[in-house]
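Scroll down for the structure; my scribbles are underneath it.
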Amino acid sequence: MPTVSMTVNGKAVSAEVENRTLLVYFLRESLGLTGTHIGCDTSQCGACVVHVNGSAVKACTMLAVQAEGADVATIEGLATNGDLHPMQEAFRENHGLQCGFCTPGMVMAAVDMANRHDELDEKTVRAELSGNFCRCTGYHNIVLSILAGAKAMKGA
Amino acid sequence: MTETGIGASVRRKEDKRFLTGLGNYIDDINVDGQTYAYFARSPHARAKINGIDKETALSMPGVVAVLTGPDWVADGLGLLVCGWMIHSKDGSEMNQPVRTPLATQSVQFVGEPVAAVIAETLEQARDAAEALAIDYEPLPSVTDLRTAVGPDAPQIHECAPGNLCYEWEIGDKAATDAAFEAADRVVSIDLVNNRLVPNPMEPRAALARFDPATDEITLHTTSQAPHVVRLVMAAFLNIAPEHKLRVISPDVGGGFGVKIATYPEEAVCTWACRKIGRPIKWTADRSQAFLGDSHGRDHVSHAELALDKDSIFLGMRVKTLANLGGYISAFGSAVPTYMYATLLAGQYRTPAIYAEVDGVFTNTSPVDAYRGAGRPEASYLIERLVEVAAREIGIDPAELRRKNFISPDAFPHETAVGVSYDSGNYEGSLSMVLDMADRAGFEKRREEAKGRGKLRGFGISAYIEACGVAPSKIAGALGAGVGLYESAEIRFNATGSVTVFTGCHSHGQGLETTYAQIVSDLLGVPLENIDVVFGDTGRVQMGMGTYGSRSLAVGGSALVKAADKIIDKCRKIAAHVLEAAEEDLEYEGGKFTVAGTDRGITVPELAFAAYVPHNYPLEELEPGLDEMAYYDPINYTFPAGTHVCEVEVDPDTGEVEIANFVAVDDFGRVINPMIVAGQVHGGIVQGLGQAMLEECRYDAESGQLVSGSFMDYAMPRADDAPSFEVALQETLCPHNPLGVKGCGEAGAIAAPAAIINAITDAIGVRHLDMPATPEKVWAAIRGAGAQGTQAAE
């Protein structure tokens, strides 16, 4: 069994995995970082979104060994010293979550979206969310949360 | 209203853990020594099982046990029963096929659990399950509702001739027939309420552990009603007595009705963990969710409306075939009967209604409650029928509704299908929503769109629902096997903080916040000093769980009753401490004051006095401040409202864009407007999913589930939906202490008709069945395929 090493939320980690182990299982089972969720088996739902080397990736569609040497960020690493990241705060302020299951992937996708766009509007946000399902909120407040969070990230 | 009390849009207390990845969902939980269960499921829609050879599977690496239906029966365990008895027209009881959690002699749907393989790792369990030699003898199957009641259909269950579970009726047939005789006009419609897969984002899961020291089994399960699961496992499944069974529903990622029933997988894990002496963990993947979760809706109906020359409704007749699936699920019998047909009056005065519902077995997953549970089916049918009638007559659809509404001063109103609506202002909702949606300007917008080659349409959906399930006596008389009260305990600590224990369950509804708001408001305790606990039968008293929009109407009422008991006790303590007569004390916002003075004492101070009873009326009053209440509702509640939808259709592609969607809802008193709006948004998009995207489909020939993943089942995405304008009206519920009606299901109930009414208006067709996909809309524009004229048998 190969050993895989990477940085996760700023910490160097190393563990034995099977070749076929998906990154999401590595995070959840080997590292105990259960904030990244599994909601489907066809890569559509987005509950597993994390950042690998600064970009949003679906952790269910990547093997752990493919993340060798990578810099991985999960939802658990977003807040700093107990203070919520502006995007997390925006979701809370705008009621952008209900059951919370899609939320980690949604927030990580949102941060990535905000990183890639100078300015976001409703249409762009909705299009960019095509890889993230939510069954609870109807997306209305998620859109508001992302627009507010992106603004806050830019220090507005 | 205070900043944190009733009526305030308080930001949610539970959000912190969800936003930081610290939620406690069952698949997140691992225990020492746990094994993994994988279920071998039937690949056939219908088959005999001639035998199962465990030998190969048992010899594979890591396999701890292989368990089958015969093993379950041999251990003396029970049956998965239906919790609601329905009687047919002739008075006979419904036909109930026997079901064990693992199939014994036959299987009735693709995906039915047949065996459980338990191994050290999930992969080992899965590999062994695939190696399990199950001798199936495939039989002819039927998955389509209409085919199942036809003359050539295979007979699925011996106990159910013609594949009929029941032939049920409600209403006055003679009066309805007379109304139709006297009618000046009869409008009829045939429609389908399409089968849906609810798909909460968290798949079902279970983790079961046996403690040999205490003989106690602890089951973590994704349930909306853990106490009911415990009751079912003790009383019907015979797995363990209630006092030796602890059921915990921690964080659950959405329910929508799917997570109410007690399922085979959790029953097997609970049984097996003691049998093998190891903890067992099971998590469904999404494919298994499609196969194993209960599905929703699936009706075929023929409906007729009788009107007089002034377009007043004289009577309504409905005949519905309801697909129950391969077995009757826990509440599957009641959803298309008592939760459906009793709402067929809608918001209208219609004096005579008669409905027949045939519950039909097919070789598909069992069908049970899904957000709205019967009320979306009723509301869709009525509002399509009314809309079609308006267009046929040539009268404004809003005007036709206005003429027939129950007027605001006519409550309580007894409908022709046996329910009594308590309060409402339907005319008010309609006017408000039409104003907000600028209906007056619609024709101009339609013209403008036409100039761009697009077709615009406007659809109205006036809905009503019965929520706050349910008065136990009424439910019992109608066939329910359980009571439907709710419980709450308010426990003060000596230092003034509070823990609230509720028998309801929050899986997205925000009860940790709204219940705290209520307690804060009534007892004057700061919000941050109140904790709300639910979902653990080891900590919380008996409760019936969350579904049917009952957490405030029933759960909140129990909470108020418990708070009243707290206040009563505090009054006595306060009288003693303040050396005043009880009658001379005034109470407001958590503080007792002696009338006409500035002497007072707060509830938290009284809590301390109760736990350190030195200055205390011990001769008359026990120490402590901890009160429990059970509340059995006096009646259902009847939230109602009107949703409208404006669409723009591209005739070249059939694509439908929702240009505007406005909702006006009357939920009675609203505790947290932000949370309520969120419930409406979520419900509307589920309704949109039904109307435009989602369809659970089985192959007619093979009975295979064709829409078995998110690749084939079109879940609504963010760009399928618009933003919404939602507003509230408030006519208080007269029969519960908070005056609340419930809001969780409204959007899913109202939205489908609003959307289909708008689309049919846009493209000028009489009817279009859901989902109104671009392909269907495109074909309908070109007149291909007559819609809405096939008779339902």
Next on the checklist: Multiplying the sequence separation of B:GLU619 and B:GLU242 by 0.36 nm and subtracting their Cα-Cα distance, what value in nm do you get?
Outcome noted: 132.0 nm
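In square angstrom, what is the accessible area per residue of segment B:671-782 with a 1.4 angstrom probe?
29 Å²
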Item to check | Over segment B:54-184: Kirkwood hydrodynamic radius from C-alpha pairwise inverse distances, Å | outcome: 18.6 Å
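Mind checking how much accessible area A and B bury in total, 1.4 Å probe, in Å² rounded to 100?
4200 Å²
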Checklist outcome for this item: Rounded to one decimal in Å, the inverse mean reciprocal Cα-Cα distance for segment B:608-712, i.e. its Kirkwood radius, is 20.2 Å
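Would you mind calculating the gained length between A:ALA79 and A:THR61 on full extension (0.36 nm times residue separation, minus the Cα-Cα distance), in nm to one decimal? Provide the component values of the computation, followed by the final result.
Values: separation 18, 0.36 × 18 = 6.48 nm, distance 2.51 nm.
Contour length minus the Cα-Cα distance gives 4.0 nm.
Starting with the highest mean, order B:426-435, B:109-118 by the number of other Cβ atoms within 10 Å, averaged over the residues of each peptide. Don't jump to the answer; show the numbers that get you there.
Details: B:426-435: 19.9, B:109-118: 26.0.
The packing order, highest mean first, is B:109-118, B:426-435.
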Next on the checklist: I need the fraction of alpha carbon pairs in segment B:476-589 separated by more than 26 Å, rounded to a whole percent.
Outcome noted: 26 percent
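Counting other Cβ atoms within 10 Å, keep those with at most 11, restrict to DSSP loop, and tell me which chymotrypsin sites (Phe, Trp or Tyr not before Pro) in segment B:1-48 are left. Walk me through the intermediate numbers first.
Values: sites: B:PHE18, B:TYR25, B:TYR36, B:TYR38, B:PHE39; in loops: none.
Nothing satisfies the criteria.
Please give the average number of partner chain Cβ atoms lying within 10 Å of the Cβ of each residue in A:77-86, rounded to a whole number. Walk me through the numbers before you get to the answer.
Numbers: counts 2, 3, 4, 0, 0, 2, 0, 4, 2, 0.
Across the residues of A:77-86, the mean count of other-chain Cβ atoms within 10 Å is 2.
Calculate the all-directions average of the projected area of segment B:324-390's alpha-carbon convex hull, and give it in nm². Intermediate results must be reported in sequence, preceding the final value.
Numbers: hull surface 20.4 nm².
The orientation-averaged projected area of the Cα hull of segment B:324-390 comes to 5.1 nm².
Placing unit charges on C-beta atoms (Lys and Arg positive, Asp and Glu negative, everything else neutral), compute the dipole magnitude of the protein assembly as shown about its Cα centre in debye, rounded to 20.
Values: 76 positive and 123 negative charges, 127 e Å.
Using Cβ point charges on Lys, Arg, Asp and Glu, the protein assembly as shown gives about 600 debye.
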Checklist entry - What share of Cα pairs, in percent, lie more than 18 angstrom apart in segment B:445-541? => result 66 percent
Item to check | 10 Å Cβ neighbours from other chains, averaged over peptide A:128-135 | outcome: 6
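Considering only protein heavy atoms and a 1.4 Å probe, what is the carbon-and-sulfur percentage of the accessible area of the protein assembly as shown?
On the way: 16070 of 32620 Å².
The value for the protein assembly as shown is 49 percent carbon and sulfur by accessible area.
Between A:VAL13 and B:ALA700, what's the calculated FRET efficiency when r is the beta-carbon distance and R0 is 51 Å? Round to 0.05.
0.50
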Checklist entry - At q = 0.14, 0.16, 0.18, 0.22 Å⁻¹, what base-10 log of I(q)/I(0) does the Debye formula yield for segment B:366-448 when every alpha carbon is treated as an equal point scatterer in vacuo? => result -0.68, -0.86, -1.03, -1.27
Next on the checklist: Which one, B:ALA272, B:ILE634, A:LEU33, projects farthest toward the positive side of the charge dipole computed for the protein assembly as shown from Cβ point charges (K/R +1, D/E -1)?
Outcome noted: A:LEU33
Item to check | Calculated diffusion of segment B:501-649, Stokes-Einstein form, Kirkwood radius summed over Cα pairs, 4 °C and 1.567 mPa s, µm²/s | outcome: 74 µm²/s
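Protein chains only, probe 1.4 Å: how do B:TYR370, B:TYR587 rank by accessible area, largest first? Before the final figure, lay out the partial values.
Numbers: B:TYR370 5, B:TYR587 55 Å².
The ranking, largest first, comes out as B:TYR587, B:TYR370.
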Next on the checklist: Keeping all protein chains in the complex and leaving out DNA, RNA and ligands, what accessible area do you get for B:GLU130 with a 1.4 Å probe, in Å² to the nearest 10?
Outcome noted: 130 Å²
Checklist entry - Which values of log₁₀ I(q)/I(0), to two decimal places, follow from the Debye formula for segment A:48-110 at q = 0.22, 0.24 Å⁻¹ with a uniform point scatterer at every Cα? => result -0.92, -1.03
Item to check | Cα-only radius of gyration and Dmax that characterise chain B, units Å | outcome: 27.4, 85
Next on the checklist: Run the Debye formula on the Cα coordinates of segment B:651-697, all scatterers equal and no solvent, and tell me log10 I(q)/I(0) at q = 0.23, 0.29 1/Å.
Outcome noted: -0.94, -1.16
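Is there a simple number for the mean count of other chain Cβ atoms within 10 Å of the Cβ of residues in B:679-686, and what is it? Before the final figure, lay out the partial values.
Numbers: counts 4, 2, 9, 10, 2, 2, 7, 3.
So the per-residue partner count for this stretch is 5.
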Checklist outcome for this item: B:SER497 and B:MET1 label points (each 7 Å along its Cα→Cβ direction) are spaced in nm at 2.9 nm
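Given R₀ = 56 Å, what would the calculated FRET efficiency be for B:ARG452 paired with B:GLU579, taking r from the Cβ atoms and rounding to 0.05? Before the final figure, lay out each step's value.
On the way: r = 80 Å, r/R0 = 1.43.
Once the sixth-power term is evaluated, E becomes 0.10.
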Item to check | Derived scalar couplings ³J(HN,Hα) [segment B:753-759; Karplus, 6.51 cos²θ - 1.76 cosθ + 1.60; whole Hz; x for Gly, Pro] | outcome: 5, 4, 6, 5, 4, 5, 5
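Output the peptides B:515-528, B:592-605, A:99-112, B:189-202 sorted from most to least packed, where packing is the average of other Cβ atoms within 10 Å over each peptide's residues. Present the calculation step by step, with values, prior to reporting the outcome.
Values: B:515-528: 21.9, B:592-605: 16.4, A:99-112: 28.5, B:189-202: 24.1.
With the highest mean Cβ count within 10 Å placed first, the list reads A:99-112, B:189-202, B:515-528, B:592-605.
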Checklist entry - Using a 1.4 angstrom probe with every protein chain in place, what is the largest-first accessible-area order of A:THR42, B:THR495, A:THR137? => result B:THR495, A:THR42, A:THR137
Item to check | Whole-Hz couplings from phi, Karplus 6.51/-1.76/1.60, listed for segment A:30-36; x for Gly and Pro | outcome: 6, 9, x, 8, 8, x, 7
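Sort the following peptides by mean Cβ neighbour count (other Cβ atoms within 10 Å, averaged over residues), highest first: B:214-227, B:258-271, B:727-740.
Working: B:214-227: 23.6, B:258-271: 26.6, B:727-740: 19.5.
Packing order, densest peptide first, comes out as B:258-271, B:214-227, B:727-740.
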Item to check | Spherically averaged projected area in nm², based on the convex hull that wraps the Cα atoms of segment B:351-493 | outcome: 16.2 nm²
Next on the checklist: Just to verify a number: what accessible area does B:HIS243 come out at with the full protein assembly present, 1.4 Å probe, Å² rounded to tens?
Outcome noted: 130 Å²
Checklist outcome for this item: If N is the residue count of the protein assembly as shown, its Cα Rg over 2.2 N^0.38 Å rounds to 0.94
Checklist entry - If you roll a 1.4 Å probe over the heavy atoms of the protein chains, what accessible area per residue do you get for segment B:413-566, in Å²? => result 31 Å²
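The values are calculated or read from the model by the stated rules, or taken from the named source; none is laboratory data. The model shown is predicted, which means the values in this text are computed figures rather than measured ones. Neighbour counts are summed over all protein chains in view; Cβ atoms, including those assigned to glycine, are modelled from backbone coordinates with ideal geometry. Side chains are part of the model used for accessible areas, which takes the heavy atoms of the whole protein and leaves out ligands, DNA and RNA. Shrake-Rupley method; radii C 1.70, N 1.55, O 1.52, S 1.80 Å.
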